[in-house]
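Participant: Have a look at the structure that comes next, please.
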Amino acid sequence: MKQVLVILVIIAVVGVGALGWYYFKVKNQVVSLPTVTEGVAPGSTETAEGEPEGEEFAAVVPDVATLEAVEDYVGSGTASRSFDGKVFSHIVNANLPEPAPGKFYEGWLVKSQPAGDFFSTGKLEKQDEAYWLGYVVNQDYSEYNQVVVTEETEANGLDGNPETHVLEGSF
């Protein structure tokens, strides 16, 4: 149990760091985050000197999926998703080789039922030796319970048509 808790805390810390980097990296996307007063739990109406006046702070623990290589591809990764009632967050961290020349990696969320309901969560970016993406939106996509990473053709860009599946996993 202690190991599971440590792993969840590590995932949360890495996820928050990745989201912060993502917020500052992406152009033309404005995301408002709540103001946090030092010593006051987010979501609380407590003042720094006062007593709590509102709801208790409840941490949102993300769902985590293990991503495994498909067919002859190599690599692995993890994906997380969470919804706090307002913001849906999805992060993918993947250990993959360089894509073939003229190719890139793209992330997808897939809903099991109805079959065929999916959407792109964007291009995976290389950071150090791994690939990652952060997807944050003010809509609940918690029903999308599968994650796919594909290898896509650069010339086609983010065209909404998944090509070759490289990694897959489920929440």
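Quick note: the coordinates plus some simple rules give every number you see, no bench work behind them. It should be emphasised that the depicted structure is a prediction, and the values quoted were computed from it without experimental measurement. Note that each Cβ is placed from the backbone with ideal geometry, even for glycine, and that neighbours are counted across all protein chains shown.
Participant: Just to be sure before I move on: is Pro97 surrounded by fewer than 20 Cβ atoms within 10 Å (Cβ to Cβ) and either assigned to a strand (DSSP E or B) or free of Cβ contacts under 8 Å to residues at least 40 places away in the same chain (or both) in the structure I sent?
Facilitator: The answer is yes for Pro97.
Participant: Now for a separate question. So which of Val149, Val87, Val166 ends up being closer than 14 Å to Ala65 by Cβ and crowded, with 17+ Cβ neighbours inside 10 Å?
Facilitator: Val149
Participant: What's the total number of residues in segment 134-170 that are more than 12 Å from Glu106 (Cα to Cα) and part of a loop (DSSP other than H, G, I, E, B)?
Facilitator: Looking only at that region, the number is 8.
Participant: Right, here's the next one. Can you tell me which condition Thr78 does not meet? The list is (1) of a type outside the set (A, V, I, L, M); (2) in contact with an Asp or Glu (Cβ under 9 Å, 6 or more places away or on another chain); (3) crowded, with 16+ Cβ neighbours inside 10 Å; (4) within 15 Å of Ser170 (Cα to Cα), and all the others hold.
Facilitator: Result: Thr78 passes all but (2).
Participant: Next up: I'd like the residue in segment 106-125 that is over 15 Å from the mean Cα position of the chain (by Cα) and assigned to a strand (DSSP E or B) and, out of all such residues, is farthest from Thr153 (Cα to Cα).
Facilitator: Residue satisfying both the conditions and the ranking: Lys111.
Participant: Taking into account only those residues within segment 152-162 that are within 13 Å of Phe118 (Cβ to Cβ) and in contact (Cβ under 8 Å) with a residue 12 or more places away in the chain, which is surrounded by the most Cβ atoms within 10 Å (Cβ to Cβ)? Give the derivation first.
Facilitator: Pass one, segment 152-162, residues within 13 Å of Phe118 (Cβ to Cβ): 160-162.
Now narrow it down to the ones that are in contact (Cβ under 8 Å) with a residue 12 or more places away in the chain: 160, 162.
On the way: Gly160: 11, Pro162: 17.
This residue is Pro162.
Participant: Right, another one. In segment 101-126, which residues are without any contact (Cβ under 8 Å) to a residue 40 or more places away in the chain and of a type in the set (S, T, N, Q)?
Facilitator: Ser112, Gln113, Thr121
Participant: Only residues that are within 19 Å of Trp132 (Cα to Cα) and either surrounded by 15 or more Cβ atoms within 10 Å (Cβ to Cβ) or touching a Pro at 6+ places or on another chain (Cβ under 7 Å) (or both): list them for segment 100-117, please.
Facilitator: Lys103, Phe104, Tyr105, Glu106, Gly107, Trp108, Leu109, Val110
Participant: Another question, then. Quick check: anything in segment 122-130 crowded, with 16+ Cβ neighbours inside 10 Å, farther than 14 Å from Ala65 by Cβ and in contact with a Gly (Cβ under 7 Å, 6 or more places away or on another chain)?
Facilitator: Taking every residue of segment 122-130 in turn, at least one turns out to be crowded, with 16+ Cβ neighbours inside 10 Å, farther than 14 Å from Ala65 by Cβ and in contact with a Gly (Cβ under 7 Å, 6 or more places away or on another chain).
Participant: Of all residues in segment 155-171, which are touching a strand residue (DSSP E or B) at 6+ places or on another chain (Cβ under 6 Å), under 15 Å from Gly122 (Cα atoms) and among the acidic types (Asp, Glu)?
Facilitator: Glu163
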